[in-house]
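The values are calculated or read from the model by the stated rules, or taken from the named source; none is laboratory data. Remember, it's a predicted structure, so these values are computed and weren't measured experimentally. Using ideal geometry, Cβ is built from the backbone for each residue, glycine included, and neighbour counts are taken over all protein chains shown.
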Amino acid sequence: MSHLKNDSLLRALLREPVDVTPIWLMRQAGRYLPEYRDVRRRAGDFLTLCRTPALACEVTLQPVRRFPLDAAILFSDILVIPDAMGLGLSIEEQVGPRFADPVGSEKEIRGLRIPDPERDLGYVLEAIRLAQRELSGEVPLIGFCGSPWTVATYMVEGGSSRDFQKIKRLLFERPELLHHLLGVVAAASGAYLNAQVNAGVDAVMIFDSWAGALSRNAYLQFSLEYIRRILETVTRAAHGRRIPAIVFSRGGGAWIEETARCGCDAIGVDWTQDLGDARRRTGGMVALQGNLDPAVLFAPESSIREETTILLESYGKGCGHVFNLGHGVLPDTDPERVATLVAAVHELSRPYHL
Ligand code: CP3
C-alpha cells in the first residue's frame, strides 16, 4: 500500500502496529554534523542554504545517510513564511533570527499579504522534489511549518524573545488585531503545507515552540484555534495515502487533552512531560512523539541506553510512539552519540511491539 521501503514512521503516527519504534530527531540536520557545517560554509549563510534547492536537499539527506533514521525532515525554517511576506529575515550565528521590518501597528498588520507558495516559496517545493527523488522511497519525508502563534512571536518581537512583551501586549491591548495577524499566518501556512504535500511530503508537522508562553485560556484562543484552522485546510490524503499531521507543542503539557482534539494524528511532546501520563491523558486519540532531553546525548553510551529504556518503558507496550528528542539536537552534540541512540531505540524497543 505504501511507496516506502520503511513506512514505520507513518504507521506509528497512525497508531498502526510496527516491529520497532521508529526514530527521527528534531534538528537532525544541523551544526553538530561536520558535513552540514561544510555545506553551510559553501552556501555562505543559512538562508542561502535554504533557498538553494540542491543544497537544502543535500543537508536534508545527510542525517539519513549517516544514521539508520526512520524519517527525513525537510531542511528549511518556520520563518520563511514571514520572509516571503516581506519582513526581511536574516539568521546569524550567536544572534538567531532577526526581522528588518517587524509588524506591530494596525497599518503593518492589515497590510500583510498571503504569499503564493509556488511563486514565493518555490525553492522549498523544489527542495522537496529533489529530496524525494534522492530518497527514492527509503524513508518518509516530513514537511513542516510553524504554528501561527509561534511564527507571529518572531514577526512582532522582531526576533527571539525572553518575555514576549510586544506580542503579549498586542494580545491584551488589541486582541482583534492579533487575531487578524494569526488568521493571515494560518491561511498562508495552510496553503504552504498543501503545496508541500503536492510536492511530495509524506507527513506534516506544525511546530508550536512557544505554546508554553501562554496561559491555558490564551493558548486555546490564540494558538490552538489557528493550528486547528491549518489542519482543516490541509489535504490529509494524497497520492492514495493518508498524510499524518504532528503538532509539536513545547511547554503545552498542561493542556494536552485539548491539543489532542485539534485534528492532528500525533502530538510532539517536550521532555518535561511523562510519556505514560501523556498517553493516559490522550487516551489513544493520538500518537505521541518524543521526548528525550537533548542533553542526554552528552551522557556516556551506557546512560543513553538506560535513558532510552526508561522512556520506552514510560510509554509502555503497543503502537503509537515515535521516538524523538523533546526539542532539537544541540549544536555541541557528538554525532557518535546520535548513532548510539538510534541503535538503542531500534534494539531495545522490540519487546514493546511483541
Ligand atoms: O529539524 C530539522 O532538521 C529541520 C530543519 C529546521 C530548522 N529550523 C533548521 C534551522 C526546522 C524544523 C526548524 C524549525 C524552527 N525554526 C523552529 C521550531 C522548532 C524549534 O526549534 O523550536 C523555530 C522556533 C525556528 C526559528 C529559528 N531558526 C531559530 C530560533 C534559529 C536559531 C537557532 C540556532 O540554533 O541558531 C533558527 C535557525 C536555524 N534553523 C538553524 C537550523 C539548522 C541554525 C542555523 C545555522 O546553521 O546557523
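Based on this model, can you work out whether residue 302 counts as touching a Leu at 6+ places or on another chain (Cβ under 8 Å), free of Cβ contacts under 8 Å to residues at least 60 places away in the same chain and surrounded by fewer than 19 Cβ atoms within 10 Å (Cβ to Cβ)? Taking the combined requirement at face value, the residue does not satisfy it.
Can you tell me which of 55, 49, 79 is within 16 Å of the chain's Cα centre (by Cα) and either among the aliphatic types (A, V, I, L, M) or under 25 Å from residue 202 (Cα atoms) (or both)? Only one candidate qualifies: 79. Residues of segment 184-221 that are away from the ligand (no atom under 13 Å from the Cβ), surrounded by 19 or more Cβ atoms within 10 Å (Cβ to Cβ) and closer than 20 Å to residue 272 by Cβ: 214, 219.
Of the residues that make up segment 54-65, is at least one of a type outside the set (Val, Ile, Thr) and in contact with a His (Cβ under 8 Å, 6 or more places away or on another chain)? No, segment 54-65 has no match at all.
Beta carbons closer than 9 Å, at least 6 apart along the sequence or on distinct chains, never pair a first residue in segment 328-345 that is within 23 Å of residue 96 (Cα to Cα) and without any contact (Cβ under 8 Å) to a residue 12 or more places away in the chain with a second that is within 16 Å of the ligand (Cβ to nearest atom) and part of a helix (DSSP H, G or I).
Could you tell me whether any residue of segment 28-42 is away from the ligand (no atom under 12 Å from the Cβ) and part of a loop (DSSP other than H, G, I, E, B)? No; the residues of segment 28-42 include none that is away from the ligand (no atom under 12 Å from the Cβ) and part of a loop (DSSP other than H, G, I, E, B).
When residue 46 is tested against (1) more than 15 Å from the ligand (Cβ to nearest atom); (2) surrounded by fewer than 20 Cβ atoms within 10 Å (Cβ to Cβ); (3) touching a residue at least 40 places away in the same chain (Cβ under 8 Å); (4) of a type outside the set (Lys, Arg), just one condition goes unmet, and that condition is (1). For the structure I just gave you, tell me whether residue 64 is under 29 Å from residue 289 (Cβ atoms) and free of Cβ contacts under 8 Å to residues at least 40 places away in the same chain. Spelling it out, it is not the case that residue 64 is under 29 Å from residue 289 (Cβ atoms) and free of Cβ contacts under 8 Å to residues at least 40 places away in the same chain. Checking 333, 308 one by one, the residue that is surrounded by 17 or more Cβ atoms within 10 Å (Cβ to Cβ) and in a loop (DSSP other than H, G, I, E, B) is 333 and no other. The set of residues in segment 264-323 that are of a type in the set (Ser, Thr, Tyr) and at pLDDT below 95 is empty. Scanning segment 160-171 turns up no residue that is at pLDDT 95 or above, under 27 Å from residue 53 (Cβ atoms) and away from the ligand (no atom under 14 Å from the Cβ). Residue pairs whose Cβ atoms lie under 9 Å apart, sitting 6 or more positions apart in sequence or on different chains, and linking a residue in segment 251-272 that is touching a residue at least 60 places away in the same chain (Cβ under 8 Å) to a partner that is among the acidic types (Asp, Glu), are 268/208.
Residues in segment 9-18 that are out of contact with any helix residue (DSSP H, G or I) (no Cβ under 6 Å at 6 or more places or on another chain) and farther than 13 Å from residue 142 by Cα: 11, 12, 14, 15, 16, 17. Kindly establish whether residue 280 is surrounded by fewer than 22 Cβ atoms within 10 Å (Cβ to Cβ), of a type outside the set (Phe, Trp, Tyr) and more than 27 Å from residue 175 (Cβ to Cβ). Yes: the conditions hold for residue 280.
Residues that are away from the ligand (no atom under 11 Å from the Cβ), surrounded by fewer than 23 Cβ atoms within 10 Å (Cβ to Cβ) and in a loop (DSSP other than H, G, I, E, B) within segment 53-81 comprise 67, 68, listed in sequence order.
Per the listing 106, 93, the residue uniquely more than 30 Å from residue 342 (Cα to Cα), loosely packed, with under 15 Cβ neighbours inside 10 Å and among the acidic types (Asp, Glu) is 106. Just so you know, in segment 326-342 the residues that are within 12 Å of the ligand (Cβ to nearest atom) and out of contact with any Pro (no Cβ under 9 Å at 6 or more places or on another chain) include one that is farthest from residue 211 (Cα to Cα), and it is 332. Residues in segment 94-120 that are within 16 Å of the ligand (Cβ to nearest atom), more than 25 Å from residue 175 (Cβ to Cβ) and either touching an Asp or Glu at 6+ places or on another chain (Cβ under 9 Å) or not in a loop (DSSP other than H, G, I, E, B) (or both): 96, 97, 98.
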